[in-house]
């Protein structure tokens, strides 16, 4: 018998998501009778303690008897229970300075950490995540901002709505002006954003038509890395080469900045890849983009106008391209920027249900089949108070050597 706990989310601001909904937890027990689940009492979770009780689960204050702790966001240091297995997004794999002490404490307490972000298949594809919901809410927020900036329609905040269906119903009430929309990416985030575009019945067009034609209705073009990057030597490139050797490429996204009104950034941006546009690019009289939903939200990186993350409370700010500074998004010459970095928190019910489905399908079986596909082995960051071999590149990060601490 393995005892699992759904732990209370304690990070500020509060996150209402959870790994398993009550219904999905019932499915988990049916599929794996040798699994036992306890639920830590929580007053912020999207599903109430009573809903878990009615589904047949014990809701308790003390979960220290459990073997495996299942959470979403980072666990504050005082609440880490030594000698346990933990699953959550640790935000340490890119050597984020603000979570260095968290990883140190995990090692000190002999905790086995499994980061949701590195639960991957044999080819490196992510098996679980909230990407689809980031895409859905990010695109919705972008349209909400366009309505507010131009005073042409009003959409409620996604977080004020009960679920995804209610959000889609709100979109049914609006009428879009003619917009040319460039959507980057080909993964779960971009597919989530595309769901919004398709729901709005925005017509999809190919790159050639998007760049050269004018339209009297809204259209979108979904573009991948070889649509907005080209090899420096002019020879044909490949996605695989781009990801392994981005230095051989240069951006040709500029042609989209001359054609698009609305840029939805749903791509993954790798270190060393060419930027999309610079501050200088945005000063060009041919630069047409007026609205940016930066779901990827890489600060001071590939999208020059994304100078800081925004928040669920205040999702929009303006970027003045001439002065390279933040202004009110309603100012006439401001580029509207939406750069919320925790978008799935706005649809916690749907996001939790979708996440639980993926976790049940891809992760839970590994506990009971000897981890035959290596799911747990690949995602295990720490064991016996040390980094595992996949993650020993974080050694200097823990010691503070990479920035001279």
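Since every read-out is calculated from the coordinates, none of them should be taken as a lab result. None of the values given here were measured: they were computed from a predicted structure. Positions of Cβ are backbone-derived with ideal geometry, glycine not excepted, and every protein chain shown enters the neighbour counts.
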Item to complete: Quick one: among 60, 118, 303, which has the greatest mean-square fluctuation in a GNM of the chain with alpha-carbon springs under 10 angstrom?
Response: 60
Worksheet item: Expressed in nm to one decimal, what extension gain is obtained for the pair residue 324 and residue 2 from 0.36 nm per residue of sequence separation less their Cα-Cα distance?
Response: 110.4 nm
Item to complete: Name all residues of region 241-266 having a backbone nitrogen under 15 Å from the label point set 7 Å from the Cα of residue 94 along its Cα→Cβ direction, giving them as ranges.
Response: 265-266
Worksheet item: Simple spin-label model, 7 Å along Cα-to-Cβ: residue 247 to residue 357 in nm?
Response: 4.3
Worksheet item: In terms of the Cα gyration tensor, with a ≥ b ≥ c the square roots of its eigenvalues, is region 37-138 rounded because a/c is under 1.5, prolate because a/b exceeds b/c, or oblate?
Response: oblate
Fill in: Choice from 243, 153, 37 showing the highest fluctuation, given a GNM over the chain with Cα pairs closer than 10 Å
243
Practice prompt. Would you please classify the overall shape of region 179-264 from the alpha carbon gyration tensor, given that a ≥ b ≥ c denote the square roots of the eigenvalues, rounded means a/c under 1.5, and beyond that prolate means a/b larger than b/c while oblate covers the rest?
Written response: oblate
Item to complete: Compute the acute angle (0 to 90°) between the alpha-carbon long axis of helix 188-199 and the principal axis of greatest extent of the alpha-carbon atoms of the chain; round to the nearest 10°.
Response: 60
Worksheet, complete the sentence: Expected max-MSF residue from 260, 273, 169 in the GNM of the chain (alpha carbon, under 10 Å) is 169
Response to the item:
From fewest to most C-beta neighbours within 10 Å, the residues 329, 143 line up as 329, 143
Worksheet item: If one computes the Cα centroid of region 10-53 and of region 359-391, what distance in Å separates the two points?
Response: 21
Worksheet item: Going by alpha carbons, how many degrees (0 to 90, nearest 10) lie between the helix axis of 131-150 and the longest principal axis of the chain?
Response: 40
Worksheet item: Based on the Cβ-Cβ distance of residue 150 and residue 48, what FRET efficiency does E = 1/(1 + (r/R0)^6) give at R0 = 25 Å, to the nearest 0.05?
Response: 0.05
Response to the item:
For region 1-81, averaging the sequence separation of alpha carbon pairs under 8 Å that lie six or more residues apart and dividing by its residue count, the contact order in percent is 45
Worksheet, complete the sentence: Residue-normalised 222 nm signal for the chain, counting each DSSP H run of n ≥ 4 as -39,500 (n - 2.57), nearest 500 deg cm²/dmol, is -7500 deg cm²/dmol
Worksheet item: What's the angle, to the nearest 10 degrees (0 to 90), between helix 22-31's Cα axis and the longest principal axis of the chain?
Response: 60
Practice prompt. Note the full-extension length gain between residue 313 and residue 12 as 0.36 nm times their separation in residues minus their Cα-Cα distance, in nm to one decimal.
Written response: 107.0 nm
Worksheet, complete the sentence: Once normalised by the length of region 131-346, the mean sequence separation of its alpha carbon contacts under 8 Å that are 6 or more apart gives a contact order in percent of 22
Practice prompt. Just subtract the alpha-carbon distance of residue 27 and residue 120 from 0.36 nm times their residue separation and send over the number in nm, one decimal.
Written response: 31.2 nm
Item to complete: Compute the relative contact order of the chain as a whole-number percentage, counting only Cα pairs closer than 8 Å that sit 6 or more residues apart in sequence.
Response: 18
